[in-house]
Structures are given as structure tokens and as C-alpha cells.
1. With the requirement that a residue be assigned to a strand (DSSP E or B), in contact with a helix residue (DSSP H, G or I) (Cβ under 8 Å, 6 or more places away or on another chain) and within 16 Å of the ligand (Cβ to nearest atom), what does the range 146-161 give you?
2. Any residue that is more than 16 Å from the ligand (Cβ to nearest atom) and touching a helix residue (DSSP H, G or I) at 6+ places or on another chain (Cβ under 6 Å) - is there at least one of those in the range 170-182?
3. Counting only residues that are assigned to a strand (DSSP E or B) and either modelled with pLDDT under 95 or buried (at least 16 other Cβ atoms within 10 Å of the Cβ) (or both), which one in the range 233-250 is nearest to the chain's Cα centre (by Cα)?
4. Among the residues of the range 120-128, is any within 13 Å of the ligand (Cβ to nearest atom), within 30 Å of residue 13 (Cβ to Cβ) and under 20 Å from the mean Cα position of the chain (by Cα)?
5. What tally of residues in the range 223-232 results from selecting those that are within 11 Å of the ligand (Cβ to nearest atom) and either without any contact (Cβ under 8 Å) to a residue 60 or more places away in the chain or over 17 Å from the mean Cα position of the chain (by Cα) (or both)?
6. Would you call residue 103 exposed (fewer than 14 other Cβ atoms within 10 Å of the Cβ), in contact (Cβ under 8 Å) with a residue 24 or more places away in the chain and closer than 17 Å to residue 213 by Cβ?
7. Is it the case, given these coordinates, that residue 18 is in a loop (DSSP other than H, G, I, E, B), surrounded by 13 or more Cβ atoms within 10 Å (Cβ to Cβ) and either out of contact with any helix residue (DSSP H, G or I) (no Cβ under 7 Å at 6 or more places or on another chain) or at pLDDT 95 or above (or both)?
Ligand SMILES: [Cu+2]
């Protein structure tokens, strides 16, 4: 999304709190369930109407373009009130430390395969590790332990993957050969790992798992034990059947 005049967006927070430093953006990529705290300076826009625009094709990133009259428009800001006094506010250079979760402390690494197939009626069926929602639990992390999850997206669309209970960090994304993977289930990387975008380097509970890439996240399962879920946050995907239980064990 972006503001029609190109007014900058300063992102200061992600799903789980402050970023370490503000990130200046001309546009913001936000998948369903991702959140961003932003600052927009309207002080020089008096008496203007500014549209917040969406230009994300659906499915993202290579699907049908938006309709500029409907899906391309999100909301409108109408700047009508003058400032009552001089604006002395400023955006701090640093916000709050985001202490990185250490990779070497991760005792478990899981490959999580995001599967797109068709059912017996030819309808699209989206699965996590090839399993339906009501099959037996396969993810049973121990309370307080750190795990790395490799989200393997061999399809053509991004999946916003959301974990309940916890906030995690994105380690990196690494491109791989989809054809080799679909034939052999083996990952052949085609490039080096890429760090998350500057505005993704905070606490997250939803991450865009991008097509043709392994998106690696690091998670500490706390503070509670019990039954939680992880799922794609696209409604059509999670409903059929891209959602699975997690049991956090003592
Ligand atoms: Cu999905």
C-alpha cells in the first residue's frame, strides 16, 4: 500500500512491538494479519484528500492486478483541521532494542512444507506438511525451547504464515529450485540467504512465506504449554486446510 502523493511512511512497529529503529518507506507490503505501526506527517497537506492505495496483485505477487476503482483503494485521509500550534514532535532515531534469538541455541529445526494440491473434485487444497487439520499432532515443541522453522514454499503465491501464542523473528529467505524440489523433495538452493527487509526485523507473529524461497524463522515456545495452532492467514487457504495444531509440552 502507499499514499497517493508518495508521502513517506515511517514504520516504527511490527506485529509484536517496536522496531529497533524507524524505517522510512515509500510503500508498505502488508499481508493479511501482518501489522505495522506507522507515522505519517500530514502537517503540509492541509485541506487535501489523500487516498491510501493498494497495488498488490492477488494472489501475491504474480496474480490479477487490482481494480483501481475498488480493490485498489483502501481509505481516504481528509486533512481538514489546521494545527493548533507549532508541531514540535519528532521521530526518535532509536526506539527499543530487539534482542536477537540466537541460532546456535535452537535445538530443533523443522522443514515445513507448504503444499498446494487438488482434492478429488479438482478443488484447490492447501496443506501444511501434506496433512489435514484433524490429523494427529506432529509439532510438539518443549516449553521454553528455541526452534528454527524452514517454511518451504514451492508454489506461486505468498502465504502469510501465522503462529499462535508467540512472537518470533525472521532469520532470512533463500531461493531454491522449485522443479528439483517438486520432483525429489530435496532443496537445491539457487542463491544465498537474504536478510529480512528492514521493516521485518522486529518481533513478528505472521511472516510472508514467499514463493520459491525457504523462509527461516526462529521461535521460542513460551510462556504457556497447551494446544495452539499455526496456519496461513488467507481465509480460503486456512479453511481448506492450511492449519495445523501445535502442542507445547512441559
Ligand atoms: Cu496461504
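The values are calculated or read from the model by the stated rules, or taken from the named source; none is laboratory data. Values in this document were obtained by computation on a predicted structure and should not be read as measured data. Every residue, glycine among them, receives a Cβ derived from its backbone with ideal geometry; neighbour counts consider all protein chains shown.
1. Result: 152, 159.
2. Checking the range 170-182: at least one residue is more than 16 Å from the ligand (Cβ to nearest atom) and touching a helix residue (DSSP H, G or I) at 6+ places or on another chain (Cβ under 6 Å).
3. Quick first cut of the range 233-250, residues assigned to a strand (DSSP E or B) only: 243-249.
Keeping just the survivors that are either modelled with pLDDT under 95 or buried (at least 16 other Cβ atoms within 10 Å of the Cβ) (or both) gives 243-246, 248.
Working: 243: 16, 244: 18, 245: 19, 246: 19, 248: 22 Å.
In this case the residue turns out to be 243.
4. Within the range 120-128, the subset within 13 Å of the ligand (Cβ to nearest atom) is 124-128.
Checking the rest, the ones that are also within 30 Å of residue 13 (Cβ to Cβ) come to 126, 128.
From the residues that got through so far, the ones that are under 20 Å from the mean Cα position of the chain (by Cα) too are 126, 128.
The answer is yes; a qualifying residue exists.
5. 0
6. The answer is no for residue 103.
7. no
Residue-wise test of (1) in contact with a helix residue (DSSP H, G or I) (Cβ under 6 Å, 6 or more places away or on another chain); (2) touching a residue at least 60 places away in the same chain (Cβ under 8 Å); (3) in a loop (DSSP other than H, G, I, E, B).
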site	(1), (2), (3)
10	no, yes, no
13	no, yes, no
28	no, yes, yes
46	no, no, yes
55	no, no, yes
84	no, no, yes
87	no, no, yes
90	no, no, yes
112	no, no, no
